[in-house]
Amino acid sequence: MAVKYELLKTCAQTGARLGRLHTPHGVIDTPTFMPVGTQASVKGMSPEELKSLNAQIILSNTYHLFLRPGHELVKEAGGLHKFMNWDRPILTDSGGFQVFSLSEMRKITEQGVEFRSHINGDKLSLTPESATQVQNALGADIIMAFDECPPYPAEYEYVKQSTERTSRWAERCLQAHGRPHDQALFGIVQGGMHKDLRKQSALDLTSLDFPGYAMGGLSVGEPKHLMYEMLEETIHLLPSDKPRYLMGVGSPDALLDGSIRGVDMFDCVLPTRIARNGTLMTSQGRMVVRNAKYTSDFGPLDPECTCYACRNYSRAYIRHLIKADEMFGLRLTTIHNLHFLVNLMAQVRDAIREDRLGTFRDQFFEKYGMAHN
Ligand SMILES: Nc1cc(N)c2c(=O)[nH][nH]c(=O)c2c1
Ligand SMILES: [Zn+2]
């Protein structure tokens, strides 16, 4: 079966949407947050633990899997789902973003990108065709068009050239992907922080009729207000019967304010990355559990949380594990942060269903505090 979006309702209080995304590996309730499993593993988490915190879809990075272990090996294993023993939906990004953020010696041409592996320095390349073929081989339910995410800040002319090339690349990805196909290829809108370029990119890509659209080139260091301005400029140009995915966004405030603006899908390494240095997202805001003040605090990380870590262990114990470099400590903080965001999105969906997401947002910020984002 192909990937299909079902719009269930729009929140009467905001522009938020309640939906369901049907994929070959199951249904995703939207708006949704996707935990990131960069190298075919959400660091420290088993598939069973991800399911127990109700993760409905995870993301894996094409760049990393292309470099190691290689898409041919994953295909030989029966595809990414089989390889990592995850039978729910997977989304892979196209690799473009990681090439620009991880590899040395990058050369961008109309053809694609030449770069050196950040692992062994091998000279490699990715093109719209090869990035699509790699993702076809990995077998994710949703794959992304090969794009360039311009740096921030960047000259208008550079962003213009880059965005126009990304639109040409998107067409080449569609050609390489072929139809009909169980895998859905999503287009990625670029345009930097320029409203005219964002609009043109959205018009270019919607004329190609993708089954879903991502907003890329955001959450790249720009002020939050600018991200929302670009989001508002673009999102109403995208078809309402297709999913909208804001890439690289995953702080609680941005998930709320992005959902309010009509975003259906989010991904970010933030919750898992900060968990690994002992920083927790809690109903009372961020907390750094390694702080001395938690030495003999025998309460849960978050009294309002029902995750495995909060039901079974204390701040003092988790602080001890982190200070002692015990792996279990980072697993517990990761379980908590992922549960926090996945659960937040469940509350967002309930609030949309009851037409009260604006009220829910204000109440959440009251407790969480805007300082933490
Ligand atoms: N913040 C971002 C995170 C990302 N993973 C991506 C991406 O994968 N592609 N393109 C993008 O523009 C982009 C932006
Ligand atoms: Zn918890």
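The values are calculated or read from the model by the stated rules, or taken from the named source; none is laboratory data. Being a predicted model, the structure only gives us computed values, none of them experimental. Note: ideal-geometry Cβ built from the backbone for every residue, glycine included; neighbour counts use all protein chains shown.
Flag: Q39 does not match the condition of being within 30 Å of R361 (Cβ to Cβ), surrounded by fewer than 18 Cβ atoms within 10 Å (Cβ to Cβ) and in contact with a helix residue (DSSP H, G or I) (Cβ under 7 Å, 6 or more places away or on another chain).
Name the residues in the stretch 304-346 that are outside any helix (DSSP H, G or I) and either farther than 30 Å from R17 by Cα or more than 14 Å from ligand 2 (Cβ to nearest atom) (or both), would you?
Y313, S314, A324, D325, E326
Here the condition is being among the acidic types (D, E) and more than 18 Å from G216 (Cα to Cα); of D93, D122, it holds for D122 alone. Could you give me the residue pairs with C-beta distances under 9 Å whose first residue belongs to the stretch 206-226 and is farther than 17 Å from C173 by Cα and away from ligand 1 (no atom under 12 Å from the Cβ), whose second residue is part of a helix (DSSP H, G or I) and not hydroxyl-bearing (S, T, Y) wherever it lies, and which are 6+ apart or on separate chains? Pairs that qualify, where the first residue is farther than 17 Å from C173 by Cα and away from ligand 1 (no atom under 12 Å from the Cβ) and the partner is part of a helix (DSSP H, G or I) and not hydroxyl-bearing (S, T, Y), are K224/D253; K224/A254; K224/D257. Annotation: of all residues in the stretch 332-373 being at pLDDT below 95 and among the aliphatic types (A, V, I, L, M), the one that is surrounded by the most Cβ atoms within 10 Å (Cβ to Cβ) is M370. Looking across the stretch 131-157, just one residue is of a type in the set (G, A, S) and free of Cβ contacts under 8 Å to residues at least 40 places away in the same chain, and that is A154. Within the span defined as the stretch 139-160, every residue fails to be in a helix (DSSP H, G or I), in contact with a Phe, Trp or Tyr (Cβ under 9 Å, 6 or more places away or on another chain) and more than 16 Å from ligand 2 (Cβ to nearest atom). Looking only at the stretch 244-269, residues that are surrounded by fewer than 22 Cβ atoms within 10 Å (Cβ to Cβ) and part of a helix (DSSP H, G or I) come to 2 in all. Screening S60, S46 for residues that are small (G, A, S), away from ligand 2 (no atom under 16 Å from the Cβ) and within 17 Å of D267 (Cβ to Cβ) leaves exactly one candidate, S60. Tell me, yes or no, whether the stretch 287-295 has at least one residue that is farther than 28 Å from I28 by Cα, without any contact (Cβ under 8 Å) to a residue 60 or more places away in the chain and buried (at least 20 other Cβ atoms within 10 Å of the Cβ). Yes, there is a match, as at least one residue in the stretch 287-295 is farther than 28 Å from I28 by Cα, without any contact (Cβ under 8 Å) to a residue 60 or more places away in the chain and buried (at least 20 other Cβ atoms within 10 Å of the Cβ).
For the stretch 84-124, how many residues are within 14 Å of I58 (Cα to Cα) and not in a loop (DSSP other than H, G, I, E, B)? Selection size over the stretch 84-124: 4. Do we have any residue at all in the stretch 275-286 that's modelled with pLDDT under 95 and either within 16 Å of ligand 1 (Cβ to nearest atom) or within 17 Å of V36 (Cβ to Cβ) (or both)? Within the stretch 275-286, one or more residues are modelled with pLDDT under 95 and either within 16 Å of ligand 1 (Cβ to nearest atom) or within 17 Å of V36 (Cβ to Cβ) (or both).
One residue alone among L256, L197, L218, L226 is more than 21 Å from Y152 (Cα to Cα) and away from ligand 2 (no atom under 16 Å from the Cβ), and that residue is L256. Only one of the listed residues (A316, A324) is away from ligand 1 (no atom under 16 Å from the Cβ), out of contact with any helix residue (DSSP H, G or I) (no Cβ under 8 Å at 6 or more places or on another chain), among the hydrophobic types (A, V, I, L, M, F, W, C) and at pLDDT 95 or above. That residue is A324. For the stretch 63-85, filtering for residues that are more than 18 Å from A145 (Cα to Cα), aliphatic (A, V, I, L, M) and within 21 Å of the chain's Cα centre (by Cα) leaves 3.
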